[in-house]
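**Student:** Can you keep this structure in mind? I'll have questions shortly.
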Amino acid sequence: GWKVSMKSGSLSYLLPFNRLPVQLTSQVRVYTSNGQKKDLGSEDTNGSARGETLHKVETGQDTTNAGQKQSSPKQPIQVKVKAVLKKREYGPKYTQNNFITGVRAINEFCLKSSDLDQLRKIKRRSPHDDTETFTVYLRSDVEAKSLEVWGSPEALARERKRRKEAEIKYRENLFRNQRLLWEYKEFFGNTKPRSSTAAMFFKGPGKVVMVAICINGLNFFFKLLAWVYTGSASMFSEAIHSLADTCNQALLALGISQSARTPDPSHPYGFTNMRYIASLISGVGIFMMGAGLSWYHGIIGLLHPHPVESLLWAYCILAGSLVSEGATLLVAINEIRRSARAKGLSFYQYVVQSRDPSTNVVLLEDAAAVLSVAVAATCMGLTSLTGNPYYDSVGSLGVGTLLGTVSAFLIYTNTEALLGRSIEPEQLQRLTELLESDPVVRAIHDVKATDMGMSKVRFKAEVDFDGRVVTRSYLEKQDIEQLLQEIQQVKTLEELEAFMLKHGENIVDTLGAEVDRLEKDLKQRNPDVRHVDLEIL
């Protein structure tokens, strides 16, 4: 075919005419080899054309005869070549530019601290609130150093296996030593000062629970003696009720002590939900032991009634129980009022939302105890006045129904808390407005705020950051004159790549600093927010 010569700068190309990808902005006409003009895209219907076609670009006025076209000079076509940076293939796994801490380098690559002194140290922004920067190492340098120390990957693998076995053996010995230490303390006595866990039972919910355990234990003992003496079904229900309260509150004390444990790798968010778990089990225990036995004894009394003995001692014990249960109830009410006032909630909201499950259980159990004492005294009084033992059995059924209601409420509220319910809409709206009002944030999506228990909130949101604001924040901290000189010195692709990589990494660090600032602002605005996850869109 025809070949057209093109020039681009000092370069000359010979390209086949039918494959030349040139975008034409002028008028294009097609000429056959015999000089006849055709429209673009037309076909030779008789198939007699044997010549090749020639594309000609007209840059001036349209010329009408073929002779003038042939005599006109050819115009060179300018072709611009786009400079593209070669794409770097990283592969499915690339860890050459990864940073690791010194602790990981020592543990995972079996090195000593002295081995790390010879490696390059890099200061990076710390992810912890108590420190601004911390030292990291390039993973590639650590891997090379480990091979230098151990000689080969196989030797490193053998050392890792040996250390793993030693760690397992150490844990076994640690468990054995802890058991021996516990037996030693049991035999010689514990002379250590009181721990912070024990101090929890002298204030707040722990104090309420301990007071309730002591009072309900005494009530159970005296009510049991009254039932043995009188044989009253209502008194039996009251004794069972006090026993259930004592056992459940002992379970609450266990939950409070377990919730004070520090987080570990298996439970990174701690053990605060142990209070809810203990309260849930307590509610089930009230239903099974308290309500179940009271209903059973009441039904047996209705089916097989028997006369009730003198109720004088029973009345005295019920009166003492009313005073003691009322005192415990007042302690629980005062504690909930104080806590609700500190959280800015009403008494009812604090109880329904189960903010403090341990105190809630004591409150509801003591309230049920006061009401059940009143029900039992009333039914026993009707029995003593009329001589009809059915009233006493009905009182036992009434106490069982009251306990069943309390247990159902405890099971519902603690289950809701363990499922991870959302925080109040007003509180969530305040957190959302704080993010949206920040200039670095364009929009937020998929906002979730979950109450993790014991007034600890986890906040999560997808954040669309404004890259221009982040870049401007970075530029405000730079020397603009020096930055302009660096730009003017860029002449080659390699220099451009180095310039962009340097400042691109710094801009990413600036974005990370903005994320830390937003998380800190959220925690300051709402102290209940303990964990913040801001994901960048």
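**Student:** Under a 1.4 angstrom probe, counting protein chains only, how are Phe202, Phe465, Phe220, Phe287 ranked by accessible area, largest first?
**Tutor:** These residues rank, largest area first, as Phe202, Phe287, Phe220, Phe465.
**Student:** So which of Lys112/Lys161; Lys502/Lys523; Lys477/Lys523 end up more than 28 Å apart, counting from Cα to Cα?
**Tutor:** Where the Cα-Cα span goes over 28 Å, the pairs concerned are Lys502/Lys523.
**Student:** Here's another thing I want to ask about it. Leaving out same-chain residues fewer than 8 places away, which aspartates and glutamates sit with a Cα under 18 Å from that of Lys448?
**Tutor:** List returned: Glu416, Glu424, Glu426, Glu433, Glu436, Glu462, Asp464, Glu519, Asp521, Asp528, Asp533, Glu535.
**Student:** Rounded to the nearest 10 Å², what accessible area does Trp295 have for a 1.4 Å probe in the complete protein model?
**Tutor:** Trp295 exposes around 80 Å² with every protein chain in place.
**Student:** Share of region 191-290's accessible area from carbon and sulfur, percent, 1.4 Å?
**Tutor:** Working: 3430 of 4750 Å².
On region 191-290, the fraction of accessible area on carbon and sulfur atoms equals 72 percent.
**Student:** Follow-up. Any idea of the accessible area per residue across region 201-293, 1.4 Å probe, to the nearest Å²?
**Tutor:** For region 201-293, the per-residue accessible area is 43 Å².
**Student:** With all protein chains present, calculate the accessible area of Cys316 using a 1.4 Å probe and round the result to the nearest 10 Å².
**Tutor:** Accessible area of Cys316: about 70 Å².
**Student:** Would you mind working out the accessible area per residue for region 92-184, using a 1.4 Å probe, and quoting it in Å²?
**Tutor:** Ligands and nucleic acids excluded, the figure is 78 Å² per residue.
**Student:** If you average the alpha carbon positions of region 214-256 and of region 480-537, how far apart do those two centres end up, in angstrom?
**Tutor:** Cα centroid of region 214-256 versus Cα centroid of region 480-537: 64 Å apart.
**Student:** Right, another one. Just the accessible area per residue of region 425-536, please: how many Å² with a 1.4 Å probe?
**Tutor:** That works out to 61 Å² per residue.
**Student:** Describe numerically, in nm with one decimal, the distance between label points set 7 Å from Cα along Cα→Cβ at Lys203 and at Asp117.
**Tutor:** Inter-label distance under the simple model: 4.6 nm.
**Student:** Moving to a separate point now. Over region 276-415, what is the relative contact order in whole percent, taking alpha-carbon pairs under 8 Å and six or more residues apart?
**Tutor:** It rounds to 49 percent for region 276-415.
**Student:** Next question. Under a cut-off of 16 Å between alpha-carbon atoms, report the aspartates and glutamates in cross-link reach of Lys164, not counting same-chain residues fewer than 8 places apart.
**Tutor:** Qualifying aspartates and glutamates at Cα under 16 Å: Glu108, Glu154, Glu172.
**Student:** Could you look at region 425-536 and say what percent of its accessible area is carbon and sulfur, using a 1.4 Å probe and all protein chains?
**Tutor:** Details: 3550 of 6780 Å².
Using a 1.4 Å probe with all protein chains present, region 425-536 comes out at 52 percent carbon and sulfur.
**Student:** Let me ask something else. Compute the semi-axes of the equivalent ellipsoid of region 285-390, taking the square root of 5 times each eigenvalue of the Cα gyration tensor, and list them largest first in whole Å. Write down the numbers at each step before the final one.
**Tutor:** Values: eigenvalues 241, 52, 18 Å².
For region 285-390, the semi-axes come out at 35, 16, 9 Å.
The values are calculated or read from the model by the stated rules, or taken from the named source; none is laboratory data. Please read all numbers here as calculations on a predicted model, not as lab measurements. All Cβ positions, even for glycine, are placed from backbone atoms using ideal geometry, and neighbour counts span all protein chains on display. Side chains are part of the model used for accessible areas, which takes the heavy atoms of the whole protein and leaves out ligands, DNA and RNA. Shrake-Rupley method; radii C 1.70, N 1.55, O 1.52, S 1.80 Å.
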